[in-house]
1. When B:63, A:143 are ordered from fewest to most other Cβ atoms inside 10 Å of their Cβ, what list results?
2. Roughly speaking, what is the stretch gain from residue A:199 to residue A:176, that is 0.36 nm per residue apart minus the C-alpha to C-alpha distance, in nm to one decimal?
3. Cα to Cα, under 23 Å, and not fewer than 8 places away if on the same chain: which lysines meet these conditions relative to residue B:16?
4. Given only helices, namely DSSP H runs of n ≥ 4 each adding -39500 (n - 2.57), what is the per-residue ellipticity at 222 nm of chain B, to the nearest 500 deg cm²/dmol?
5. Averaging over all projection directions, find the projected area of the Cα convex hull of segment A:40-106 and quote it in nm² with one decimal place.
6. Taking every pair of Cα atoms in chain B, average 1/r, invert it to obtain the Kirkwood radius, and report Rg/Rh to two decimals.
7. Nearest 500 deg cm²/dmol is fine: what mean residue ellipticity at 222 nm does chain A get from its DSSP H runs of n ≥ 4 alone, each adding -39,500 (n - 2.57), divided by its residue count?
8. Could you list, by residue number, the cysteines of chain A that have no other cysteine's beta carbon within less than 4.7 Å of their beta carbon?
Amino acid sequence: MSDHHEEAGSTTSPYAARIRAIEALLLEKGVLTEPEVQDRISYMESRSPANGAKLVARAWVDNEYRERLLSDGKAAASELGMDPTHPAEFIVVENTPVVHNLIVCTLCSCYPRAILGRPPDWYKSFNYRSRAVREPRAVLREFGFEPPEGVEVVVHDSTADVRYMVLPMRPEGTENLSEDDLADLVTRDSLVGVSVPRYAG
Amino acid sequence: MTFEPGDRVRVLPAEKPGHVRTPGYLKGKSGWVESVLGEFPNPEELAYGFSGRPERPLYKVGFMQADLWDDYDGPVEDRLYADVYEHWLEPEGGTA
C-alpha cells in the first residue's frame, strides 16, 4: 500500500521535492520568511518526549499535581516551565488498573507536538492509523504489551482540536525512586499508550 | 450547545468533499456525548483560507468498539472516543 507520510522521510522522494518547491514559492511570494521557517524548526526541535516524562513523574509523586494535569493539561505543563502554546487543546488521559488508553490520529498525524515534539514515523504510518482503531489489542501485542485480564482498552482518535497524551501507571517497586529516576522510566511509546513503563528493580 | 454529556447521538452518514475531520469509519455510527470540548473555528472552512467562524461546538463522543466493527476482537467493554463537530451529529433515532 502506498503511504505518502513514510515516503516523505526520503529527501529524494517526489514528495520532498514538492515540499521544497512549495516552500520556495511561499518564500518568493513573501507568505513566509526564512526566519519564520527556522523559528518553526527550532520550536519543534526544542520539544521532546522528556517533557511528557517530566509531567508524568511529577503526577506520580504529587497527587494534587496529578489532578491538575488531568483537569487542565496546558496549565499543568506551564507550571513545570513548559510552553504549551498551540492553538490545540491538550488533554491527558489516565491509565488505571481497569483502563488502558491508546492515542491515534486516523485522519493525519495529530500529536501533542507543543509538548512532545515530532511524532515517531510509525505514528504517521497508514498501518498504525488504520489498525489502532480497528484492532488496538493486536497493535498493543505487536508493541510487546498485553493488557492484563479485565483491563478495558480505550482508544482516543484525535480527530479535531484536541491533542492527547497518556498518563501511564507508576510501575510497582518504584516507591524509593526519585522524581528524576521515575521520569527516566517513562518512554515516548508509553505516552502514546502503545506500551507501559517498566521497572526491572 | 445542542448536546449534553450522556446524550445518545449518531454521526451523520453524509458525504462531504474536501477537508473534513469526521473519519469515515464513524459515519452512521451511534454513541454518546462524553464531554463538551468547547467551540472551535470550523476546520472545513479554515482549510481553505476562510475564518472558520462562527465557531462550532466540538464534542468528545464515545462509541463501543463492538458497535463499530462486526468482528471486533476484544472485550465488549472496549471503547473508542473521537472528537466530532456538532454539525456532524444528530440525536440517535433521528432529528428531534
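1. Numbers: B:63 23, A:143 17.
In increasing order of surrounding Cβ atoms, one gets A:143, B:63.
2. Numbers: separation 23, 0.36 × 23 = 8.28 nm, distance 1.21 nm.
Once the chain is fully extended between residue A:199 and residue A:176, it gains 7.1 nm.
3. Those lysines meeting the cut-off are B:27, B:29, B:60.
4. Details: 2 runs with 8 residues, N = 96.
That comes out to -1000 deg cm²/dmol.
5. Working: hull surface 22.6 nm².
Result: 5.7 nm².
6. On the way: Rg = 13.8 Å, Rh = 14.0 Å.
Result: Rg/Rh = 0.99.
7. Details: 12 runs with 96 residues, N = 201.
Rounded to the nearest 500, it is -13000 deg cm²/dmol.
8. Lacking a cysteine Cβ partner under 4.7 Å: A:108.
Taken together, the values in this text are just the output of simple stated rules run on the coordinates, not laboratory data. Nothing here was measured: the structure is a model prediction, and the numbers come from that model. Glycine gets a Cβ as well: all are built from the backbone with ideal geometry, and neighbour counts include every protein chain shown.
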